[in-house]
Amino acid sequence: MTQAHRRQYGRDWISAMPTNLYGPGDNYNLETSHVLPALLRKFHEAKLAGDDDVVVWGSGSPLREFLHSDDLADALVFLLKHYSEYEHINVGSGVEVTIQELAETIATVVGYDANLTFDASKPDGTPRKLMDSSRLHKLGWSSARPLEAGIAHAYHEWKTANQQSTEV
């Protein structure tokens, strides 16, 4: 649609497609959230309850790419200044991790060394989700926030927003 408006009305509009996002204001509902906020909440609640195990859906082997919402904002400002092409452009970190590595990183951030139990009766989803963000990276942009630092920021923001239920 952006391309059609650009062509028909001569607008200098672009279309940017982000990868899997996370960050402040995310959905941490265990029934409806995505994997990263769900795991943050699971580890947090396991720590509060003193549980020995945290159950992770699937095998832990699928690969995912994540981008902090602040890095997306930075990329969009960068694109407004440096990109004016007809084709859409992907916005991603270019770094992928397994779901198991993600869970281990979250355990470190939360400060809780629970046993990971992978529930193979639950779906893995797509085996790999990595965007080709090479055009954006060739323009000179790269995500500034390593995954562990981004998760720590998101966790801090979530705990602050939910102070009464997150005392550890």
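No value in this document is a laboratory result; all are computed from the given coordinates. Keep in mind that this is a model prediction, so the values were computed, not measured. All Cβ positions, glycine included, derive from the backbone under ideal geometry; neighbour counts span all protein chains shown.
Brief remarks on what is shown
- The one condition from (1) over 18 Å from residue 152 (Cβ atoms); (2) part of a loop (DSSP other than H, G, I, E, B) that residue 78 does not meet is (2).
- Test result for residue 122, among the basic types (Lys, Arg) and in a loop (DSSP other than H, G, I, E, B): yes
- For the range 134-160, the set of residues classified as part of a loop (DSSP other than H, G, I, E, B), surrounded by 15 or more Cβ atoms within 10 Å (Cβ to Cβ) and within 15 Å of the chain's Cα centre (by Cα) consists of 143, 145, listed by residue number.
- Subset tally (residues that are touching a helix residue (DSSP H, G or I) at 6+ places or on another chain (Cβ under 7 Å), buried (at least 19 other Cβ atoms within 10 Å of the Cβ) and assigned to a strand (DSSP E or B)) for the range 21-74: 6
- Hey, residue 112 under 15 Å from the mean Cα position of the chain (by Cα), of a type in the set (Phe, Trp, Tyr) and under 20 Å from residue 28 (Cα atoms) or not: no
- Residue among 96, 87 that is in contact with an Asp or Glu (Cβ under 7 Å, 6 or more places away or on another chain) and of a type in the set (Asp, Glu): 96
- Within the range 97-118, the only residue that satisfies the criterion of being among the acidic types (Asp, Glu) and not in a helix (DSSP H, G or I) is 113.
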